[in-house]
1. How much mean residue ellipticity at 222 nm does the chain get from its helices, if each DSSP H run of length 4 or more adds -39500 (n - 2.57) and you divide by all residues, to the nearest 500 deg cm²/dmol?
2. Of 34, 85, 440, whose Cα points farthest to the positive end of the dipole of the chain (charges on the beta-carbon: +1 Lys, Arg; -1 Asp, Glu; origin at the Cα centre)?
3. Can you list residues from other chains, or at least 5 along the same chain, whose modelled amide H is less than 5 Å from the amide H of residue 141?
4. For the stretch 381-420 and the stretch 103-162, compute the distance between their C-alpha centroids and round to whole Å.
5. Of all DSSP beta bridges located in the chain, what percent are antiparallel, nearest 5?
6. Which percent of Cα pairs goes in each bin when the distances of the chain are cut into 20 angstrom slices starting at zero?
7. For the stretch 462-628, how big is the tail of P(r) above 30 Å, as a whole percent of Cα pairs?
8. Provide, in order from the shortest bin, the percent of all Cα-Cα pairs of the stretch 227-380 in each 5 Å bin, continuing until the bin that contains the maximum pair distance.
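Read-outs throughout are calculated quantities, based only on the coordinates presented, and are distinct from any laboratory measurement. Bear in mind the structure is a predicted one, so any value in this text is a computation, not a measurement. When we count neighbours, we look across all protein chains shown, and the Cβ atoms used for this are built from the backbone with ideal geometry, even at glycine.
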Amino acid sequence: MAESGEASKPGRAAVGLAVLGIVYGDIGTSPIYALRECFRGVSPVPITEDNILGILSLIFWALIIVISLKYMVFILRANNHGEGGIFALLALLRPDQHQDSRPRRALVLLGLFGAGLLYGGTMLTPAISVLSAVEGLEVAAPSLERYVLPITITILVALFAVQKRGTARVGTLFGPIMVAWFLTLAALGINSIIAHPEVLKAVVPWYAVQFMIENRLAGFLVLIGVFLVVTGGEALYADLGHFGPTPIRMVWFCFVLPALLLNYFGQGALLLDKPEGTLQPFFHLAPDWALFPLVGLSTAATIIASQAVITGAFSLTRQAVQLGFVPRLQVHQTSQHAHGQIYMPGINWLLMTAALALVVTFQSSEGLAAAYGVSVNATMLVTTILAFNVARERGGWSLVKAGVFLLVFLSVDLAFLTANAETIPRGGWFPVAMGAVIFTVIVTWRRGSELLVQSYEANTISVETLLGRLEHDPPHRVPGSGVFFTARAEEVPRSMMQLLKLNRLLHETIVIVHVNVRRDPRVVNEERWEVKDCGQGLYEVILNYGFMQGFNIPSDLAHCIAHRNLPINLDETTYFVGRTSVIANRKQHGMMAWRDRLFAFMVRNTLHETSLYRIPASRVIEIGLQLGI
């Protein structure tokens, strides 16, 4: 027993390091700029002892209520078979059911809008994180100020350029660097608190209340800066599937939260002693000899935070693709062992373009901070509403219990959102606009896909009907096997009907494959493969995938050959895929003309089945199809 216990310690330590490197990069770099924005942001307040204690009290209770209670205690419990994030919440609400209910449709649309806003915030994170760290050079050597933007741009370009190589090699460095980062945060804070221990009085909530009463509107707008301390909440929830809730909670309460609080209170103690530290209170915590090392460590930490956000965007997009919310996009697996390590070139270059544009446009982390909070805040509010409904529908919570949860946390979210709304004219419009664009893409693809399926169903027949036709009017059969893909089980693919209509021939063995993406993140092997012999050389194969799993049709067919008695030879198999052309028929219940054109454009540019299903291109035959919506 003793050996077992000892053996488990290194395992727990390794998981803890990984959690630090992947989950807490975003929220862990907030001390660089959050407290500064409270005094230099949209509505600056005088640097007095009462104001310092009041703002520190707001920061303390924001971390306790929003992160420690809302996310750690409640939200992390709302997981879809271990996976977290806004798409996991949507999957738990089963958006494909109760579609005739207006409240249900509105709830799903709200969730999709929250997902769009999350992308908008994701574009900002690399820009504000890296820029805020490099700005430390202005403190270490003011003459280097002119190099801040070029260095930031260079780092961002390099960061996005290496994404295609995957994170497996550098991932092992993330944890130790973040350990050093949080230890540095704590050490800097403790050193300052020792000089002014009275700053610890801010844990009493009365100082926050008094600050809000005395400063009124200016105090309320300080919430814009205070919110920056909790902006990593959605990111840590999205990373739930990597580690599970227990390690995330343990690392938060035992290491991350104490380090953050010590640093924020240390910055407050510095301001009590040297009010001019508002220029960069985080960097002013360090002695002169440590400024350049601190800038270097800060830059490394912000790169790690940005890396986590970028890979999170890849995972989020793959979930959206698998759930049918966005068009198919190219995905590269960067590790043979870790399924979650992927690279999506389209998303990568979109994020890089947005991050560089933001840095060039806003020029400073102070300007970016004004744009940062509103999108993340709105996403958190949507998460609260979705979690309330999940608790009622799937968690069995009573209306009173769920209502208390909604009332408490929605009130906090709305307070922050009301304050952050003031930043929309100052730059907050950007993530909101990007969120609206992404939301439009999502709902257009979703609605267009529904119309496409309706058109498809109106022009197809069942497998049973096909078997009857083959018996009474058999076509010419050629040697080998042909694989066709259908969107619905028990239905004949349009590409197969087109082939019969034009050429009057079929292979000796026909396999109709239906790829079924479930609402679960992963499907166990026992449920992955279903094979049915329909007679007359026709087989139906159903391949079940979770929305976090990638496709590999040849590999799955090989398994069916070996273990499910599928009588084909992959070396003599031809894959038939349909190339769909969408025609806008202006149906009564269709979409507006511009949305028809947008959907048709997305269909033309969506990832082809050959790449999506990893089919050998040399064995593929395309058949053109025209469908009206």
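1. Working: 26 runs with 370 residues, N = 629.
When only DSSP H runs of four or more count, the value is -19000 deg cm²/dmol.
2. After comparing all options, I get 440.
3. The answer is none.
4. Centre-to-centre (Cα) distance: 28 Å.
5. Numbers: 10 of 40 bridges.
Around 25 percent of the beta bridges assigned by DSSP in the chain are antiparallel ones.
6. It works out to 18, 47, 26, 8, 1, in whole percents.
7. Working: 2940 of 13861 pairs.
Within the stretch 462-628, distances greater than 30 Å cover 21 percent of Cα pairs.
8. 1, 7, 11, 17, 20, 16, 13, 8, 4, 2, 1, 0
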